[in-house]
Amino acid sequence: MVEPSNDEDSRQQRRAALLKLNTAAWAGEKDLLKTAGPLDSSLKKNTAFIKRLRTSVNADNQAALLKEISTLTLEKYLSEIIGAAAEGFAKCRLTSDIWAAVEVTSALHQRFAKSFTPTLMLYLLRGFASPTKAQLSTLTPEQREKEDNLRLIRQRGLLRLLTEYWLCGIARTSEDARIAADSGASAEATKSSARSKGSTSASHQSLAQQSVTTDPIPLEVLREILGNDTKEFTYLPLASAFVKNFGSEILGVSRVRGDRQELIGHVLQTEDRQEAAKTEDTYEGVMNEELRKKFRAILESYNKSLQAFLVKQRRSIKEQEKRNNAAYMRSGEIFEDRHSTFEKMVKAEEKMIASAQVLADALEMDMPDLTQEDAKEVSAPSASFSFTKAGVNFSGEVSDLGIWEDEEQKKFYEELLDLRLRVPQEFFSAAKKAAIKEEASDRREDQSPEREREEEIKIDDDGDDLFDEDMALVDDNDGTGVIPNPSIGAQVDLIIHRLPEMNSRETTDQLAIDFCYLNSKASRIRLIRAVQGIPKTRQDLVPMYSRFIATLNKYIPDIGTAVVKYLQREFKVLVRKRTVTLPGGPDRSISEARARNIRYIAELVKFKVVPNHVTFNCIKILLDGFGRHEIETLSNLLESCGRFLLRTEETHETMAQMLEIMWKKKSAQNLDARERILLENAFYYVNPPERPSIVQKERSVIEQYVRKLVLVDLNKRTYHHILKQFRKLNWEDPESVRVIDKTFTKIWKVKYGNIHLMTLIASCLMKYHQDFIVRIVDSTLEHIRVGLELNMFKYNQQRIAHVKYLGEMYNYRIVDSPTIFDTLYTIVGFGHEGGRPQPGRFTPLDPVDDYFRIRLVCTLLETCAAYFDRGSAKKKLDLFLGFFQYYVFTKLTPLPMEIEFNVHDTLQMLRPNLKVCSNLEEAATGLTEAMTTAFGELGLNHFEQEREEDDDERREGADEDDDDDAEDDEDDEAAAAAEGESGGSSEDSSGESSNDDDDDEEEQEEEDEDEEEEDRGRGRSHPVEDEEFDREFSKMLAESLESRKSERRSAFDVPLPVMRSVQQQQQYSVVDMTGKNSEEPENRREPSFTKNVQFRLLTKRGNRQQIHTVEVPADSAIAVSTRMKQKAEQEERQRIKNLVLNYERSG
């Protein structure tokens, strides 16, 4: 006989051989088992065989049993043999024992066939019967659990044995067992079985008593036990063992499963097909595809129910875990029954997951993702709150820093010194034993309800006393801190004296090491007293003291326990205490003590010295009170350790609930502004609102370069270089032009002090790119108008920049004065009916309490109105100033101080002698007079004509200034001084002279500054103009001056220092005669009463120069001669100007 080894192929060969023999036995063939001559019928040997069959069916006794089967006469003892075999086979667990039982059963089946096997199957199937409820009710939980485990082990072996019987042809269907049960010969066997298995219920006789079916016995057993096990899944180990042992034979799958399946899936499918084909050939007549589908259907249905159960079980475990955590947060401990129940649930889940994984791999099904259930919140806060996830840093990302903000903070709170590596072990052993005893006594003492009530009554009774008396209740240490050895006591005192000197991690750790060498009970008591009270003026020591305690607490736990107990009791005293008002004022010591106490607790929380339940108990006390003092204390606690508690996995959910309660109470109660701000700041500090990440705008290379030039490099020293760079750009590329337009249009992004430089660059580019200038001017005017239409506060800065930009455009001759005045009137009158503001009339676009338009007007006037000092521009400015004063008084008065100063400064700069109106009536009268002066005698048509020709007059005045500069190169110093005086007279308009030399010098400096400003604003010769044009222009001026040198000069040809008077009766002055006011219209009104002209005569007495005012009749020779000379010079300048203009146009 061939003995199967552990090799699977040899086992299949042996199964095939036994299948052939056993099938023949069922068919009625004889002499399949060879017997040895005459059989022995002695009672002793037959009894010994039955005993060995009941107790010793294993691989070692397999040969002896087979020999006795072939040599003994067993017919007379067949009923006893069946009962003994059923009892002995049920004890087989190992693979070798199972195969020994298969061999023995095959031998008995081949010898006795139908008289033996059906009854044996009946006995074996009774082993799958379950106990009744009455039987289970008599057992204790421990006995019931033990009985269930034993029954499961026995049934697992029986199922494997029946499956091997079926594969070897011994067992067929339950019909054989049903026939044996119906036969009368089974009565004695039933009695024998009842003696051995008296606990089996009569109502559960066998699966064979069910309806007749053609399914094999293993299939019926699986259908019965797995179909009724969809709630507790007790038979999951049985199912997993079945697929593990017979997966390849019955399910037709390879034994290689799990993680490798994804890598070699194609190979596995090929092996499965080959295995199925090989199985069908080996077990021909037993296994087929239809049976394989039935087995798979039963197991797959069971596996689906199992997966749903696993998900439900994981949820219940998480709920139990959260309840345990909540109980721990409340009381600081978990009851033993809860803890043991939770541990059992976890262990049972681990076993079920392992068995389910085997079953899923065999069936090629996926396991449920239980990690998603871990991430779900069982009792999540309301949807209106979104809290930072646990285990992430401040930015909401999982990083190596964990819950800390930076690496330094992480090292400070997590990387504590391991004292065991620096201090011998004997210095810690005594401390640990003492700590255990003290902890047990403290627990018994704290758990006493009488003691807690006594403390509360004692604290409440002292509620009206001073703070020092209350704090005496907290410090209940006795006088046991005396150290017998004076030298050790001095060293301990030195360490305590060095505590305030801790300023780094190194000094703190070194101080902890030094104390460990002096460790004793008395030393610990003195140290605890020292660290309980931090100096009031040294709040920076709280983190260092906490690290010192945390470093010692790992090996000397009584220090941390004592400090925490002290702080907890101190907290309760301080919460019940209120600030006492003393004769000298409110006592702040209690408020400071609260802040110091709660910060000390918070720092110890971050070192995990304070238990979590103590922390949340403090928060709960503060939330229950929620008064002014509680809110201050709660905000200090949240700002100190709130982030830590919210980001830590263990305390995340509880902390989120506390924050939600705090926020709801804040909304429900009527708190003052300070308290609401404290709570909001603490809440958003702990749980900052989610902000989307800033998306970096993608810019082209040319755009980045232009932005760098304008926003970074632009200043007074580099604008020449930047202008050259702009000219070098590709103006034919639409993208480059778009970037340049965008840069010059969004002027508010440029520094306010660089706006005039941007305008300067634009004016230099105007000669080469006219379309570009038109676009930026149009865009600037459009932005100003859009700002008036929207009138939104957030655009005020942009509006100021655009108005400043427009004024600089006039200064650099990009726009003309009509554009400026149109903009001024648009700013003042836009949105008003008829363009004229009316007092008391509401305008949505310009409310009476909105003064921003006044600021816009002042900005524009301060930028460019200084050049409206002659001609029609001067008259139009005078008219607008009257209208502007009228507009100011249509607003609510009095004006804000800033706006009032701004208006006064602007008017003083433009018209120093202008009378400032004080009310609406004066403003209306002034506006009427200004309009009469402007439109009365000249007529409206003439005024409009002047408005159209203003641009030519302004440019003519600028060209005359250029001629004056050329003449100054050859005139003497007196002529230069006279020219400076005449230029300064337009700004001063004071009409007064001084005989003091110091006053003359100050006036000359002011005139020089005005000329420099005029040179910058009006631009006589641009520094970057074309060099060829400059050379030709200089050459023409030199030729003109050379031709005038030969002219005869009159007696009064030397110009004298004069100053034009601003009074109305003065029509002619030396300024008019020298050509500085040539843009005045020829038909200007001349008052009939003006008959004299004032001259300023320069004399010299000693080293001092004096100026005298001389009045000369207008019809005198000197006045007439001067006018004729002025007219000749004007014609000459007109001729030169025409030549220059013609040359520029032709070029």
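So here's what we get for this one:
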| quantity | calculated |
| --- | --- |
| Candidate set: the range 211-246, residues that are open to solvent by less than 50 Å² (accessible area, probe 1.4 Å), more than 58 Å from the chain's Cα centre (by Cα) and not acidic (Asp, Glu); chosen: the one farthest from SER316 (Cα to Cα) | THR213 |
| Selection from the range 548-561 of residues that are assigned to a helix (DSSP H, G or I) and either open to solvent by 30 Å² or more (accessible area, probe 1.4 Å) or touching a strand residue (DSSP E or B) at 6+ places or on another chain (Cβ under 7 Å) (or both) | ASN553, PRO557, THR561 |
| Residue satisfying all of: in the range 677-721; closer than 28 Å to THR759 by Cα and of a type in the set (Lys, Arg); surrounded by the most Cβ atoms within 10 Å (Cβ to Cβ) among these | ARG707 |
| Helices (runs of 4 or more DSSP H) enclosed by the range 1-99 - at least 2 residues per element that are farther than 16 Å from ARG111 by Cβ and charged (D, E, K, R) | 8-26, 43-55 |
| Some residue of the range 141-156 being under 60 Å from the mean Cα position of the chain (by Cα) and not in a helix (DSSP H, G or I) | no |
| Within the range 73-86, tally of residues that are at pLDDT 85 or above and open to solvent by 60 Å² or more (accessible area, probe 1.4 Å) | 1 |
| 1 or more residues under 30 Å from LEU781 (Cβ atoms): qualifying helices (runs of 4 or more DSSP H) within the range 646-755 | 701-708, 719-728, 734-745 |
| Residues satisfying the stated conditions in the range 675-724, i.e. among the polar types (S, T, N, Q) and within 30 Å of the chain's Cα centre (by Cα) | ASN681, ASN687, SER693, GLN696, SER700, GLN704 |
| Residues being open to solvent by less than 30 Å² (accessible area, probe 1.4 Å) and of a type in the set (S, T, N, Q) - total across the range 57-72 | 2 |
| Qualifying helices (runs of 4 or more DSSP H) (wholly inside the range 769-838; at least 1 residues being acidic (Asp, Glu) and open to solvent by 20 Å² or more (accessible area, probe 1.4 Å)) | 770-790, 817-829 |
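Condition check ((1) open to solvent by 10 Å² or more (accessible area, probe 1.4 Å); (2) over 16 Å from LEU18 (Cβ atoms)) across all residues:
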site	(1), (2)
THR117	no, no
LEU125	no, yes
PHE128	yes, yes
GLN143	yes, yes
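The values are calculated or read from the model by the stated rules, or taken from the named source; none is laboratory data. Worth saying up front: this structure is predicted, and the values here are computed from it rather than measured. Glycine also receives a Cβ, built like all others from the backbone with ideal geometry; neighbour counts cover every protein chain displayed. Side chains are part of the model used for accessible areas, which takes the heavy atoms of the whole protein and leaves out ligands, DNA and RNA. Shrake-Rupley method; radii C 1.70, N 1.55, O 1.52, S 1.80 Å.
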